[in-house]
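Take a look at the structure below.
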């Protein structure tokens, strides 16, 4: 069994949500961790565990970040981490996979499906084996208890229910 850990210096965990249903606001988690266990070189039997610290969330606007971390959204004080555990990782073709697993967000656990593109394998400057993945999907924020519904004075909805997930993950094979 091989173990791979995410390289946070070469990875990013982002989400996008429509604001006023006309443009996207992008957020990212700055503190996250992931490890993968597999015995197959193509990762088809991969067991994936991922977590992100809610307090590390940034949208580029301090006031908005405070609101998003509050009890009206993520409730970082009561639910400091978002966690994902895979249940299957299925190869679709040479570069694409379907990743299914349980996402635990704000104390709610739901199964989600993500699309994964395998970027390949390489050696880094230190001789480590490195694997690259691009992961995309979407969730309904209300399914996870993120139910705040702001409406402008003109009656416009402030946020869409759909949240797009985008992760670039560079994994480093761990040596024994």
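Each reported figure results from applying straightforward, stated rules to the coordinates on display, with no laboratory input. Remember, it's a predicted structure, so these values are computed and weren't measured experimentally. Glycine also receives a Cβ, built like all others from the backbone with ideal geometry; neighbour counts cover every protein chain displayed.
List of remarks:
- Highest-fluctuation residue, 40, 115, 140 considered, GNM on the chain with Cα pairs under 10 Å: 40
- Inter-label distance, nm, simple model (7 Å from Cα along the C-beta direction), residue 125/residue 142: 4.9 nm
- Look at (1) 32, 23, 20; (2) 32, 16, 15; (3) 32, 19, 12: the one that is semi-axes √(5λ) of the Cα gyration tensor in Å derived from this structure is (2).
- The mean sequence distance of close C-alpha pairs (under 8 Å, at least 6 residues apart), as a share of the length of region 2-173, puts its relative contact order at 25 percent.
- Choice from 63, 28, 14 showing the highest fluctuation, given a GNM over the chain with Cα pairs closer than 10 Å: 63
- Simple spin-label estimate for residue 117 and residue 45 gives 2.9 nm between the two label positions (7 Å along the Cα-to-Cβ direction from each Cα).
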